[in-house]
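Here the structure is laid out as structure tokens; the discussion comes afterwards.
The values are calculated or read from the model by the stated rules, or taken from the named source; none is laboratory data. Note that the structure is predicted; figures quoted are calculated from it, not measured. Don't worry about glycine lacking a Cβ; one is built from the backbone with ideal geometry, like all the others, and counts go over all protein chains shown.
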Amino acid sequence: METVYQSPADFLGEHLPGCKQEALWLDSDLKAEIEHLVERPWRGLRVRYCRQGHKTAWILDEIGKTEPITSGIVVSEGRVERVRVLIFRESRGAEVNRSAFTRQYENASLAEDYSLDRSIDGITGATLSVWALNRQVKLALLLDRAAQRSSDDD
Amino acid sequence: MTINGFRRLQFLARWHRRIALLACIWLVALAATGLLINHANDWGLDRSPLSASLQRLVYGIEPASSDFCGHVIALGADCNGVFGRLALPSGELLLAPDRLHLLDSTGQLIESLPVSRLGLDSLEGGRREGDWIYLRNREQTVRIDPDLVDWQVQDPESAAALSSESWQVPPAANEPITWERFLLDLHAARFLGPLAKTFTDLMAGLILLLAFSGAWLWWLKRRRD
């Protein structure tokens, strides 16, 4: 069963209106970092995102237990500005959609060891969904860092 | 019984046997298929699909092609449902009802993108026209650049102006042909096309003839004895 809390387009329209669609190409080093972070092989050679100035927005899919959870994450200056679960497909763990939970990520940044600079309180019965969201947020921060670097090089 | 009566009896008996032999083939087929149809549900024949080769041979239906991903590296199970392929300047785009797969010229996956990211609930067709890719479903048409980065929903007039030809669309959603369906067609001799009705009438006529000639033979023989 799929629950759409907000469409990706609406999320971008609400949090980064008029943002420009771009694609981040993944070199082998970045791909290795991503795979280390998400703990699975990463398919594909690029990730798309939306940019507005120094802010980037990422729509990412990550498997909770068996189905992908689609989340929208806005990153600004290397810190999370907003996290929203957009589409939830699992039968359990939908509590990660609650703003009380997603607010914990606000202002979080990525440490050198690929961990968040703060601890995130879990939700009983939604452990796998929480882990999936943690991975998504860390991935968005990692990708934002690479996108900023790529943008600076240009 | 007179000689003429005896000859008439022999003649009738001979034709009765010949007709019976002819009808017997049909009756056996009718009984066998009828028996199988009667138990189709018990034996799973109403759920078991006909093999692709038999489907091709009997119905002339080619199974849907699923070879769009033969050359694609690491697409795996995501290839299920791919119904079309659009050539791009630097690779190709595979179309599936819920997802697009952008590949480079070597078949390496660049990006796998849910169509919902392009504002479509589902994908029901795709085509390339000049530098642009057009994707559509029943509600709307979206125009995308070949890099799949920029996209915009087409207004109804622009969408209508697009030619209705050259769209790559999913194969029609056919119900699979089951063994039960095959047996029903065999039972009713539908493979004979327009002649099926005439053939069935003919065979029914022969059975009636057999019944009457059999009764008559019995009556003649009884009278002779």
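Among the residues of the stretch B:164-178, is any in contact (Cβ under 8 Å) with a residue 60 or more places away in the chain, closer than 29 Å to B:SER51 by Cβ and acidic (Asp, Glu)? No; the residues of the stretch B:164-178 include none that is in contact (Cβ under 8 Å) with a residue 60 or more places away in the chain, closer than 29 Å to B:SER51 by Cβ and acidic (Asp, Glu). Only one of the numbered conditions (1) hydrophobic (A, V, I, L, M, F, W, C); (2) surrounded by fewer than 22 Cβ atoms within 10 Å (Cβ to Cβ); (3) closer than 16 Å to A:LEU139 by Cβ is not met by A:ALA57, and that is (2).
Residues in the stretch A:60-81 that are surrounded by fewer than 20 Cβ atoms within 10 Å (Cβ to Cβ) and either closer than 22 Å to A:LEU143 by Cα or within 9 Å of the chain's Cα centre (by Cα) (or both): A:ASP61, A:GLU62, A:ILE63, A:PRO68, A:SER76, A:GLU77, A:GLY78, A:ARG79, A:GLU81.
Selection of the stretch A:109-137 for residues being buried (at least 20 other Cβ atoms within 10 Å of the Cβ) and either of a type in the set (Ser, Thr, Tyr) or part of a loop (DSSP other than H, G, I, E, B) (or both) yields A:ALA126, A:SER129.
Filtering the stretch B:116-132 to residues that are touching a strand residue (DSSP E or B) at 6+ places or on another chain (Cβ under 7 Å), within 14 Å of chain A (Cβ to nearest Cβ) and either hydroxyl-bearing (Ser, Thr, Tyr) or surrounded by fewer than 19 Cβ atoms within 10 Å (Cβ to Cβ) (or both) leaves only B:GLY119.
Counting only residues that are more than 17 Å from B:VAL28 (Cβ to Cβ) and hydroxyl-bearing (Ser, Thr, Tyr), which one in the stretch B:191-225 is modelled with the highest pLDDT? Once the filter is applied, the top-ranked residue is B:THR198. Evaluating A:ALA100 against the criteria (1) touching a residue at least 12 places away in the same chain (Cβ under 8 Å); (2) of a type outside the set (Phe, Trp, Tyr); (3) within 19 Å of A:ARG79 (Cα to Cα) leaves one unmet condition, (1). Only residues that are within 18 Å of A:VAL137 (Cα to Cα), aliphatic (A, V, I, L, M) and away from chain B (no Cβ under 13 Å) were counted across the stretch A:1-36, and they come to 4. When the stretch B:133-158 is examined, which residues are found to be away from chain A (no Cβ under 14 Å), over 21 Å from A:PRO8 (Cβ atoms) and in contact (Cβ under 8 Å) with a residue 24 or more places away in the chain? Those that are away from chain A (no Cβ under 14 Å), over 21 Å from A:PRO8 (Cβ atoms) and in contact (Cβ under 8 Å) with a residue 24 or more places away in the chain: none in the stretch B:133-158.
Among the residues making up the stretch B:100-115, none is within 7 Å of chain A (Cβ to nearest Cβ) and outside any strand (DSSP E or B).
Here B:LEU162 fulfils each of the conditions (1) more than 14 Å from every other protein chain (Cβ to nearest Cβ); (2) over 30 Å from B:LEU21 (Cα atoms); (3) surrounded by fewer than 16 Cβ atoms within 10 Å (Cβ to Cβ) apart from (3). Scanning the stretch A:83-106 for residues that are of a type in the set (Gly, Ala, Ser), in a loop (DSSP other than H, G, I, E, B) and crowded, with 18+ Cβ neighbours inside 10 Å yields one hit, A:GLY93. Could you please give the count of residues in the stretch A:20-36 that are surrounded by fewer than 18 Cβ atoms within 10 Å (Cβ to Cβ), under 22 Å from A:LEU116 (Cβ atoms) and touching a residue at least 24 places away in the same chain (Cβ under 8 Å)? Of the residues in that region, 1 qualify.
Just for the stretch B:51-96: of the residues that are within 14 Å of chain A (Cβ to nearest Cβ) and assigned to a loop (DSSP other than H, G, I, E, B), which one is modelled with the highest pLDDT? Within the stretch B:51-96, the match that is modelled with the highest pLDDT is B:SER90.
Scanning the stretch A:37-80 for residues that are touching a residue at least 60 places away in the same chain (Cβ under 8 Å), within 13 Å of chain B (Cβ to nearest Cβ) and among the hydrophobic types (A, V, I, L, M, F, W, C) turns up A:VAL47, A:TRP58, A:LEU60, A:ILE69.
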